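The values are calculated or read from the model by the stated rules, or taken from the named source; none is laboratory data. None of the values given here were measured: they were computed from a predicted structure. Don't worry about glycine lacking a Cβ; one is built from the backbone with ideal geometry, like all the others, and counts go over all protein chains shown.
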Amino acid sequence: MSAISTEKSCNGQAKLAMPKTSKYCKFHPSMSISTRITQAREAKGLNQSELARALKVRPQTVQQWESGKTAPRRKRLKEFEGILGKSAEWFEFGDKIPDGIGPISAQTWELAYKIEMLPPGTRKAIEDLINNIVKNKK
């Protein structure tokens, strides 16, 4: 079973789905997924226990999402839509999905997820390596 959740886009390819990432969303570093969850919950006037009850999870799970220790999977973000009134995409990307983000294969997402879980120095080394490969390919 894959650690990454994906869904199909209209052309049948795996669509971009945000798995657990570092505290800050790479595409919108000014606001984290955890911050968006907290803002949406508070805007609905719910406390963490009430949101947990609505989602049928433990209050500690909501606390971990809001602290950035973990993040809900895409399937769970879809459940937020009916409760918190925000789309899964809003939780992932904020008000604007970045240009150039299109369907990404499940294998690519899996690799990105694994890289994201590495220590910062290792991630930077991999990023530099990929940038050098792409640069030399041109």
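Suppose the filter is of a type in the set (A, V, I, L, M) and either modelled with pLDDT of 85 or more or buried (at least 17 other Cβ atoms within 10 Å of the Cβ) (or both); does Ala88 pass it? Spelling it out, Ala88 is indeed of a type in the set (A, V, I, L, M) and either modelled with pLDDT of 85 or more or buried (at least 17 other Cβ atoms within 10 Å of the Cβ) (or both). On inspection, Ile4 fails the criterion of being at pLDDT below 70, in contact with a Phe, Trp or Tyr (Cβ under 9 Å, 6 or more places away or on another chain), closer than 26 Å to Ile130 by Cα and surrounded by fewer than 16 Cβ atoms within 10 Å (Cβ to Cβ).
Look at (1) at pLDDT below 90; (2) surrounded by 11 or more Cβ atoms within 10 Å (Cβ to Cβ) and you find that Lys135 fails only one, number (2). If you go through the stretch 39-94 and keep only what is β-branched (Val, Ile, Thr) and part of a loop (DSSP other than H, G, I, E, B), you end up with Val57, Thr70.
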